[in-house]
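Report on the structure given below.
The values are calculated or read from the model by the stated rules, or taken from the named source; none is laboratory data. Quick caveat: nothing in here was measured; it's all calculated off a predicted structure. We place every Cβ from the backbone using ideal geometry, glycine too, and count neighbours over all the protein chains shown. Side chains included, ligands, DNA and RNA excluded: accessible areas come from the protein's heavy atoms. Shrake-Rupley method; radii C 1.70, N 1.55, O 1.52, S 1.80 Å.
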Amino acid sequence: MDQDSRAGVEDRNQAAYGAQASDLLQRVAGHFQGVGDDFVDSFYGSLVQAGPAGDILRVLGEAGMRSLKHQQSAHLRFLVAPETSREQLLQRAETVGRIHALVGAGNSLLVRGHSLYRTLLAAVTAGSDLDSEQRYALSRIVEQRLQDDVQRQTEAAERVQASYWSILSRPYAATGAPWPDASAEELEALGALPGIRAALLLRLRQDGVLTVERSAGGHARDIAEVMQGPHTSVLIDPDSPRGQGLVALAWRSLLPQSTPSYANDPRLAFWSEHARRLGVQSSFALPVLDAEGHAVACVYLYGAYPNQFEADWMREFGRGLQRRWEQTWQRCRAGNAYALPQELAETYRRRMFGGGLEMYLQPVIDLRGGQVHSLEALARLRMPDGSIIGPSQFLPLLGNTELDQLFRLGLRQVLAWLARQPAQRSDLTVSLNLAPSTLLNPDCVDWVAQALDAHGLPARRLQIELLETQELHSAAQRQNLDRLARLGVRLAMDDLGSGYSSLERLSRLPFDVIKIDQGLLANLRTHPVRVLSLVGSLIQMAHDLHREAVVEGLEDADAVEAVGLLGAAYGQGFGLCTPLPLPAIDGWLDGHRAALPAAGVRSALGALAYHWRYMRGRGAPTLHDHLATCPLTGFLQQAAPHDPEAARRHAQLHAGDDIDTAAHWLREWLVRRVTQG
């Protein structure tokens, strides 16, 4: 603005707010006071007939209208008060403009209101004893003040809307980011918006309660406490009074739900008294859907003003916000299918980093001779009452910074245990899981090196496991993996077969060990051929790539036998040993005795595994080609002595007589033995 323009503005300000303006307004102050209340009644009588304005005003109810009229009379007196300065007027206009934007009073309504103000001005000047020059000056004074008021209210309303729209333009969470980090960041931004009392994220518990997983905003704690009370929590049951609210309805209908007046909405009568106490006047529930269109969460916004979520622009914002949360869910590692209450989740976090973390160890066994090959460290949480919480309950609660801290705490525990082991266990290796996000920390490798040095251990006795399903695209992650490998730490790809990037990752990253996902064995008894084919192929791939292969999830002796016959050298699972706390693992190791696997084939599952491998590698010198020495001969004699057809088909296979038919018949016979028990 140039000097002449600034001078013009100062002149107008002086004319509307200076001493002369104050004197003139003082002369007609009584006239404004006398007609003000009548004007306000007329003002709202006119507005209530207008469509959008009428909708807003009818939401208020009788008590709300009385309060609004009182505030409007006060605002009118303030506008024409002799002592009002421009700074004071702009400050109040900023507040009023923000409120108008939030209740849905658009610019057209604002202009209409100020047009009625001008009508009042005409009535005041007509009834005054001012001469024509003074009346003109008065009209200029009030007109300038009205313009300042309208302009600042309009600017304030635009700023409010811009703050809401800016939520939708923020960068998305990185693909694979932890859900706790991403949802907390999104919710904090919502809780800081104008007019938001609280923003809650609710997810379903196994008992059908929609529980608060996270909250943000000035009144979030108090509101979340109500929403998690034993008699005020939200149910999805449509027959319960607690299942009638907006969140439950949004969850069941998969559509956004809102109320312009919390106090007057019969659906919310169950919670209305709490809402009044906490200053909540409106609310907006947005269901979050997964890729299949199922509800997985609900974002619930509590408004400080009536009608806050009903305006067209706010509805459009809600649609954009719903899409944003759905994208965030799909991009993130979402963790548990069911939610934990916010208070319980925070209890777990405090306990984990307050001395409750305990590392358990589970042996990895050499299936060829029964020796302990290595041990995997698994995190557990011991509560003050002695109960143990498994990792599936607390790991999904952790963000990246907390995962870093968990790794360091676990590393110290397992290395301290390893350093105490006697000389005869000097070759024992312990593996520890590492979140790929921790690999992004430039200090990650230094933490490992310093911990090994502090406990006087060579790097080869530590193995780091990374989940195959998690992202490893960053150059920093790959560089840290290379640094760990150069340090001498062994690297394992955990849960091979549970993701999509296995082959590409194996080809470019320095893994020493491949751990085959235990989830692949979940259907071993129902679809045995499919499972054995997948597991057998992965074992062979590990051999071809000169990597060690460890099969996880071996729950019983039959599974141990089967994967051993497929060629697996190492196995892990409850069928070999359960995870044990550090004090108990010492005793187990002292009492463990290595033993060679039993000769021959003992189980139907083992027989099927051997048959699959034999047919896949016919002619391999390590397999038995002669009927008399074939392990299946002994199995059939023991398991089916009265089934000559099985023995005949087996003999036909070895004789080379219609091999495909004989192999198919024998495979299906073995499958029935496995699936039917």
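Before moving on, here are some points about what is shown:
- For the chain, averaging the sequence separation of C-alpha pairs within contact (under 8 Å, six or more residues apart) and dividing by the residue count gives a relative contact order of 9 percent.
- Value at 222 nm in deg cm²/dmol, rounded to 500, when DSSP H runs of n ≥ 4 in the chain each add -39,500 (n - 2.57): -17000 deg cm²/dmol
- Whole-Hz ³J(HN,Hα) from phi, Karplus 6.51 cos²θ - 1.76 cosθ + 1.60, for the stretch 81-88, glycine and proline x: 5, x, 7, 5, 8, 5, 4, 5
- Amide H contacts under 5 Å for Gly218, placed H, 5+ residues apart: none
- For the stretch 510-566, radius of gyration divided by Kirkwood radius, i.e. Rg to Rh on alpha-carbons: 0.96
- Proximity of backbone amide H atoms, modeled 1.01 Å from N, is registered between Leu491 and Ile464, Asp512, Val513 at under 5 Å, excluding neighbours fewer than 5 places apart on the same chain.
- The convex hull drawn around the Cα atoms of the stretch 276-405, when projected onto a plane and averaged over every direction, covers 13.2 nm².
- Note on the stretch 413-487: Rg/Rh from Cα positions, Kirkwood definition for Rh, rounded to two decimals, is 1.00.
- P(r) of the stretch 133-208 over all Cα-Cα pairs, binned every 5 Å from zero, in whole percent: 3, 11, 13, 14, 12, 10, 8, 6, 6, 5, 4, 3, 2, 2, 1, 0
- At most 14 other Cβ within 10 Å, DSSP loop - chymotrypsin sites (Phe, Trp or Tyr not before Pro), the stretch 548-595: Phe574
- Simple Cβ-charge dipole of the stretch 523-677, Lys/Arg +1 and Asp/Glu -1, about Cα centre, in debye nearest 20: 260
- Length-normalised contact order for the stretch 369-474 - Cα pairs under 8 Å, 6+ apart - percent: 31
- Dipole magnitude of the chain, debye to nearest 20 (Cβ charges: Lys/Arg +1, Asp/Glu -1, about Cα centre): 780
- Accessible area per residue in Å² at 1.4 Å probe, computed on the stretch 323-473: 41
- Length-normalised contact order of the stretch 204-329 in % [C-alpha pairs under 8 Å, at least 6 apart]: 19
- Only beta bridges with both residues in the chain are counted; by DSSP, about 65 percent of them are antiparallel.
- Rounded to the nearest Hz, the phi-derived 3J(HN,Hα) couplings of the stretch 373-378 under the Karplus curve 6.51 cos²θ - 1.76 cosθ + 1.60 (θ = phi - 60°) are 8, 6, 9, 9, 8, 10, where x marks glycine and proline.
- The 3J(HN,Hα) values that the Karplus relation (6.51, -1.76, 1.60; θ = phi - 60°) gives for the stretch 587-594 are, in residue order, x, 5, 4, 4, x, 6, 10, 5 Hz. Gly and Pro appear as x.
- When the solvent-accessible area of the chain is split by element, carbon and sulfur atoms take up 51 percent of it, the probe being 1.4 Å.
- Between the helical axis of 444-454 and the longest alpha-carbon principal axis of the chain there is an angle of about 60 degrees.
- According to the Kirkwood relation over distinct C-alpha pairs, the hydrodynamic radius of the stretch 168-314 is 15.4 Å.
- In whole percents, the pair-distance distribution calculated for the stretch 156-248 from its alpha-carbon pairs, binned every 5 Å from zero, is 2, 13, 19, 19, 18, 14, 10, 5, 1, 0.
- With viscosity 1.567 mPa s and temperature 4 °C, the Kirkwood radius over alpha carbon pairs of the chain converts through Stokes-Einstein to a diffusion coefficient of 42 µm²/s.
- Selection of trypsin sites (Lys or Arg not before Pro), the stretch 368-442, meeting DSSP coil and at most 15 other Cβ within 10 Å: Arg368, Arg420
- Stretch gain in nm, segment Ser169-Phe78, where the contour uses 0.36 nm per residue and the Cα spacing is subtracted: 28.9 nm
- Summarising the amide proton neighbourhood of Glu376: residues at separation of 5 or more, or on other chains, whose placed amide H is nearer than 5 Å comprise Gln362, Val364, Ser431.
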